[in-house]
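Enquirer: Sharing a structure, written as structure tokens. Questions coming.
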Amino acid sequence: MPAPERRLRAALEEGEPLHPGYAGEVECGVSRAWLNVPFQKGGWPRRNEEAAAVLRPGDGPLPFAGDQVTALPGWREGALLAAHAAAKAIHGRHSNK
């Protein structure tokens, strides 16, 4: 089986437990192996711990949220982790009043 079909099958199998019925609703799929695209060499930047350490605490009352402030730059999981951390920081600031 060619790689695109394997990636689609993996996406359907991994998505089904999260969203029951999902696989049955997909008629076709498209995938991109970013590392195989000429001049692309990847879908996201390298990890920059120094920049993340500066952004992570936010700027005074303003928290930063984005994959770039986590150990998972370029991944939705990183963005979600940062969003949860920012929401928790805001809640912590305002829930004790």
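The values are calculated or read from the model by the stated rules, or taken from the named source; none is laboratory data. A quick note: this is a predicted structure, and the numbers were derived from the prediction, not measured. Neighbour counts are summed over all protein chains in view; Cβ atoms, including those assigned to glycine, are modelled from backbone coordinates with ideal geometry.
Enquirer: Go through region 20-70 and give me each residue that's in contact with a Lys or Arg (Cβ under 6 Å, 6 or more places away or on another chain) and in the same structural domain as I90 (by TED's automatic domain parsing).
Expert: Selection gives V69 alone.
Enquirer: Same structure again: Looking at this structure, is G74 without any contact (Cβ under 8 Å) to a residue 24 or more places away in the chain, among the small types (G, A, S) and at positive phi?
Expert: So G74 does not fit the description; no.
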